[in-house]
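**Student:** Before I ask anything, here is the structure I am working with.
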Amino acid sequence: RIACLIEDTGDSTQIMRDRFAGYQDALQEAGIDAPSKWGRMVDGSLVLRGRQSHLEWGREQMTIWLKEGFRQLCCTAILAQNDHVAIGIMQVLREANIEVPGRISVMGFDGTELCDHATPRLTSMQMPLEQMGFKAVNRW
């Protein structure tokens, strides 16, 4: 029972679409018939325009999801689009008296230093961001 929260900017970057597709593919490959309510691609236009941080967006979207019945999904984990969103999710879950990681595990993407400063420590999919940036610059 793994949920997923990723931002959709209308013209979402390929990375976000790929992360969401990867989530869906992994569940399918594991033989998990996941209801569509487990995964959310939600408007992130305020983040795109610099009016909201990813952490604030994660907090806001998890608050909304809780009001819209997240507890009834009985998910035991949630995958967030990045570490900042994951920490926002963790904060809201704890404020709602949902034990992290006891009741639900939270995982981010990117493996930033932020993971080491979160309480509890955030599990994150390590991405070689510096190497990716270096390769991108050298392609031009």
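**Student:** Take the residues of region 42-51 that are open to solvent by less than 70 Å² (accessible area, probe 1.4 Å) and in a loop (DSSP other than H, G, I, E, B): which is nearest to I2 (Cα to Cα)?
**Tutor:** It comes out as G44.
**Student:** For region 52-85, name all the residues that are touching a helix residue (DSSP H, G or I) at 6+ places or on another chain (Cβ under 8 Å), under 17 Å from G108 (Cβ atoms) and either touching a residue at least 60 places away in the same chain (Cβ under 8 Å) or part of a loop (DSSP other than H, G, I, E, B) (or both).
**Tutor:** Within region 52-85, S53, C75, I78, L79, A80, Q81, N82, V85 qualify.
**Student:** Being polar (S, T, N, Q) and crowded, with 22+ Cβ neighbours inside 10 Å narrows it down to one residue among Q72, Q81; which is it?
**Tutor:** Answer to the selection: Q81.
**Student:** How many residues are open to solvent by less than 100 Å² (accessible area, probe 1.4 Å) and outside any helix (DSSP H, G or I) when one looks only at region 104-140?
**Tutor:** 17
**Student:** Next question, about the same structure. Exactly one of these conditions fails for G133: (1) of a type outside the set (F, W, Y); (2) under 17 Å from T13 (Cβ atoms); (3) under 17 Å from the mean Cα position of the chain (by Cα). Give me its number.
**Tutor:** So the condition that G133 fails would be (3).
**Student:** Also, I was wondering about something else. Return the total of residues in region 1-37 being free of Cβ contacts under 8 Å to residues at least 40 places away in the same chain and of a type in the set (A, V, I, L, M).
**Tutor:** 7
**Student:** Let me ask something else. Could you grab me the full set of residues in region 21-41 that are open to solvent by less than 30 Å² (accessible area, probe 1.4 Å) and assigned to a helix (DSSP H, G or I)?
**Tutor:** Y23, L27, W38
**Student:** Based on what the data block shows, is L55 aliphatic (A, V, I, L, M), at pLDDT below 95 and within 16 Å of E7 (Cβ to Cβ)?
**Tutor:** The answer is yes for L55.
**Student:** Does region 52-87 hold any residues that are closer than 25 Å to E113 by Cβ and among the charged types (D, E, K, R), and which are they?
**Tutor:** Those that are closer than 25 Å to E113 by Cβ and among the charged types (D, E, K, R): E56, R59, E60, D83.
**Student:** Further question on the same structure: Just name the residue that is nearest to the chain's Cα centre (by Cα) out of those in region 6-20 that are aliphatic (A, V, I, L, M) and in a helix (DSSP H, G or I).
**Tutor:** M16
The values are calculated or read from the model by the stated rules, or taken from the named source; none is laboratory data. A quick note: this is a predicted structure, and the numbers were derived from the prediction, not measured. Positions of Cβ are generated from backbone atoms using ideal geometry, with glycine treated the same way; all protein chains shown enter the neighbour counts. For accessibility, only protein heavy atoms count, side chains too; no ligands or nucleic acids. Shrake-Rupley method; radii C 1.70, N 1.55, O 1.52, S 1.80 Å.
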